[in-house]
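First comes the structure, then the notes that go with it.
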Amino acid sequence: MTVAPGADFEPRPGQREILAYEAGWMGVAAVPGSGKTTTIAALAARLLDGRFQGEGPLGDSGEVLVVTYQNTAAESLRSRIGRQLSRQGLPPSGYAVRTLHGLAYSIVQMWPGHAGTTSDFRVLDDRSQRDLIDRAVAEWNAENTPTWGRLAPGDDSTYDAAWEENWRRIAAGLARTSIAAAKNRRLDAERLLVTLADIRRSGGQAEELPGMLYLRIGAEIFARYQQLVETSAGIDFNDMVRLAVDLLEAHPDMAARLNERWPVVLEDEAQDSVPLQEDLLGRLTTAHGHWIRVGDPNQSITSTFTSADPRFLR
């Protein structure tokens, strides 16, 4: 296939290397200002042009699946690809742009019974998740005042209202990190608590080390949070990805159908991927292996707060 970027885009040498992609895995380290979005749009359009000409990895009817991690980025990519196709005189079809969580949602929605949910399942938005975490923290705090009280700076036998307010913020942040990290590793709260107890027993520790104490607190709040989620009849974002991965793992035929639908996966902002998300995209590329990962390993915006690690992109 020839490089056909469009009349108003003259690719630089590095961009031409990307646009020359034919098949298989490709990792692209894209620094700020490198024209990443424009290049992704041009590559998607070139692959679709190849499909219409009977060339390339899409076959006769395959689509390009473009995955990113934020809604604003998805909208930008969708618009850029549409414009690029128009410039090349191609129909605005043959591609899908999804956020990672939107992709997981659509997969579970295809086969809700196999995913262990109903067709009218509800996904908790950020505000609902924060509210449930705050409730879980409040419940845990009410039953564990001596524990968080002795964590106050200074005299460990006293605490004041200022520390209580500060601790609530610390505990909520601890809970968010613990929940995301555990779910991205497909660990439930009960298993996490058992693992922490086993570690303490194996170490023969009479006193709980500070780091282990914070891990246990996070796991205990996680357990309360999950109970609240289940009571609300909702599914949080991390559970949505896990359900999609579990579904494709348990039903290889369904994974094969999606492999045929999306023979090429083009992943944007890959530096922000976490292991569970990588597992999902890996299962979508098992049959063909056409997986393009684009990102800046030095610009991860979520690695400080989640399980994202730029080393997976490197």
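The values are calculated or read from the model by the stated rules, or taken from the named source; none is laboratory data. As the structure is a computational prediction, the values presented were derived from the model and not from experiment. With ideal geometry, Cβ positions are generated from the backbone for all residues, glycine too; neighbour counts draw on all protein chains shown. With ligands, DNA and RNA removed, areas are computed over all heavy atoms of the protein, side chains included. Shrake-Rupley method; radii C 1.70, N 1.55, O 1.52, S 1.80 Å.
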Discussion item. Taking a ≥ b ≥ c as the square roots of the Cα gyration tensor eigenvalues, with a/c under 1.5 meaning rounded and otherwise prolate when a/b beats b/c, else oblate, which class fits the chain?
Written reply: prolate
Worksheet entry | Cα long-axis angle, helix 189-203 against the chain (0 to 90 degrees, to the nearest 10) | 60
Discussion item. Just to verify a number: FRET efficiency for Phe52 and Trp25, C-beta to C-beta distance, R0 = 25 Å, to 0.05?
Written reply: 0.55
Practice prompt. Report the charge-dipole magnitude of the chain in Debye, nearest 20, computed about the Cα centre from +1 at each Lys and Arg Cβ and -1 at each Asp and Glu Cβ.
Written response: 680
Worksheet item: Sequence-distant or interchain residues sharing an amide H contact under 5 Å with Val66, placed H: which?
Response: Ala96, Val97, Arg98, Leu266
Discussion item. Under 5 Å between amide hydrogens, which residues at least 5 positions from Ala30 or on another chain qualify, with H placed 1.01 Å from N in the peptide plane?
Written reply: Gly295, Asp296
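Multiplying the sequence separation of Ile170 and Glu260 by 0.36 nm and subtracting their Cα-Cα distance, what value in nm do you get?
27.8 nm
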Item to complete: Calculate what fraction, in whole %, of the accessible area of the chain sits on carbon and sulfur atoms when a 1.4 Å probe is rolled over the protein chains.
Response: 51
Worksheet item: For the chain, what's the relative contact order in percent, using C-alpha pairs closer than 8 Å and at least 6 residues apart?
Response: 24
Item to complete: Please give the residues of region 228-255, grouped as numeric ranges, whose backbone N is less than 17 Å from a label point set 7 Å along the Cα-to-Cβ vector of Asp120.
Response: 232-235
Worksheet item: What angle do you read, to the nearest 10 degrees and between 0 and 90, between the alpha-carbon axis of helix 126-143 and the longest principal axis of the chain?
Response: 20
Discussion item. Ignoring everything except DSSP H segments at least 4 long, calculate the 222 nm mean residue ellipticity for the chain; use -39,500 (n - 2.57) per segment, divide by total residues, nearest 500.
Written reply: -17500 deg cm²/dmol
Worksheet item: Given region 82-214 reduced to its alpha-carbon atoms as identical point scatterers, what log10 I(q)/I(0) does the Debye formula return at q = 0.10, 0.14 Å⁻¹?
Response: -0.57, -0.88
Practice prompt. Output the direction-averaged projected area (hull surface divided by four) of the convex hull of the alpha-carbon atoms of region 79-118, in nm².
Written response: 3.5
Response to the item:
For the chain, longest principal axis from Cα atoms; helix 275-284 axis from its Cα atoms; angle between them, nearest 10 degrees, is 30
Worksheet item: For the chain, the longest stretch holding no GluC sites (Glu not before Pro) located in a DSSP loop with at most 15 other Cβ atoms within 10 Å is which?
Response: 56-206
